[in-house]
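What follows is a short report on a single structure.
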Amino acid sequence: MTTTADETTAAPEPSAESYLQIRSLCKDFDGITAVDQVNLDINKGELFAILGASGCGKSTLLRMLAGLETPTSGRIVLDSEDITDWPAYERPINMMFQSYALFPHMTVEKNIAYGLKKEKIEPDEIDQRVKNMLDLVQLKGFDKRKPNRLSGGEKQRVALARALIKNPKLLLLDEPLAALDKKLREQTQFELMNLQEELGVTFIVVTHDQEEAMTLATRIAVMNSGKFIQTGTPTEIYEYPSNRFVADFFGTINIFDARVINVTGRELTVEVDQSDIQMKAYSDKPVAIDDNVGIAVRPEKISISKQLQDGANITATKGVVEDLAYYGNYSIYRVKTESGQLVQVSAQNQTRSSDHVVEWEDEVYLSWEQNSSIVLVD
Ligand SMILES: Nc1ncnc2c1ncn2[C@@H]1O[C@H](COP(=O)(O)OP(=O)(O)OP(=O)(O)O)[C@@H](O)[C@H]1O
Ligand SMILES: [Mg+2]
């Protein structure tokens, strides 16, 4: 795969010495495969996100890492030790559950201290570590409250403190922010990132929210039906989705179904189905004449105008504006092309709205750089 992800977003390549190594991990439940041959390498201190729709096997995978579920096959190695057969309580791993699972009858303080009490640590040290945790998650003064007197965000932070207090080598967060409203979720995303940076703990976060995965993580795995479909940095997955599923699942994208009519090296010419529209694109995967492919383009890569913007490496197609939504700083257009397909375009509003040149029912040209097209072969 070509990778032009900028250096700042690119995580170092995992190696054979990776901190966490997951090898061919599988879990069957009565003939149903919940996790299917998952392989993964994670570096120390990474914040890794697993993204996938409901039921795709995310929690089952985390539960196997935590030792709460026995793998059907496969191995898990953490910090050079094969922990596959270790009981949950011996693993240097903590998990924060989808529901937080706080003890309702215990105060915040006792909830946070719970894991340490079980380890028979001196009471003075427990008090100090609980205090440090309360500071860290910004819950000073909440120590004597019980969970039913906490907001959703506060409960989340208690659960986080409880998971962190034992200094785990690996922290597993199952949908940590799902129960929070949008604003609090965004704020908590940043807190979580800061906390992770401060502590240097390796995090695996499960989410079904693509934007959350993108803002939080150094790398993301997109999961479907128990399998990892693509693993990469947020930029790699957004700009270079490896197949139709990832392209469709991750952000908004326009996909033109098309047939290959010419191949010259990496450059293809395709004809869009049900039309005589031709497009050129580059493919790093082998394709042959008559193959069916998808040509995918992100809405922000397309420019919309009343005049044809021609050029050597420009793909252009004509259409009519069916829908227009004004969001202040940008607008979203839905344009029906001659093949009958609705294409979504997002455009920054660089001039004042009264100067808008494109309106409803206008005939427009959509154009984009040829190398903005993503060729999807499967
Ligand atoms: N204990 C179990 N017994 C039988 N089937 C199970 C069990 N746990 C999970 N499954 C099945 O395995 C599949 C994956 O479940 P899992 O909970 O891992 O999904 P998920 O990706 O976490 O979903 P969500 O986003 O809804 O939490 C589902 O089809 C689920 O019904
Ligand atoms: Mg789950």
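Bear in mind that the values in this text are calculations on the coordinates, not laboratory data. Keep in mind the model is a prediction, meaning the values are calculated, not measured. Here Cβ is always computed from backbone atoms with ideal geometry, including for glycine, and neighbour counts include all displayed protein chains.
Numbers for the structure displayed
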read-out	value
Lysines whose Cα lies under 22 Å from that of Lys227, excluding same-chain neighbours fewer than 8 positions away	Lys27, Lys58, Lys285
Size of charge dipole - the range 136-203 - debye, nearest 20, with Cβ of Lys, Arg +1 and Asp, Glu -1, no other charges	420
Label-point gap, in nm, between Ile314 and Glu300 - each point 7 angstrom along Cα→Cβ	2.2
The chain, helix-only ellipticity at 222 nm - DSSP H runs n ≥ 4, -39,500 (n - 2.57), divided by all residues, nearest 500	-6500 deg cm²/dmol
Order by protection proxy (mean Cβ within 10 Å, highest first), peptides 161-174, 292-305	161-174, 292-305
Mean Cβ count within 10 Å, highest first, over the residues of peptides 226-232, 116-122	226-232, 116-122
Proximal lysines relative to Lys318, as straight alpha-carbon distance under 28 Å, when same-chain residues fewer than 8 apart are discounted	Lys280, Lys301, Lys306, Lys336
Spin-label pair Thr235/Arg23, simplified geometry with 7 Å Cα→Cβ offset, distance in nm	3.3
Straight-distance crosslink candidates among lysines, where the alpha carbon sits under 18 Å from Lys110 and sequence neighbours closer than 8 are dropped	Lys118, Lys120, Lys131, Lys140, Lys144, Lys146, Lys155, Lys166
In nm, spacing of pseudo-spin labels at Asp82 and Lys120 (7 Å Cα→C-beta vector)	3.1
Modelled FRET efficiency - R0 45 Å, Arg145 with Gln278, Cβ distances, 0.05 increments	0.10
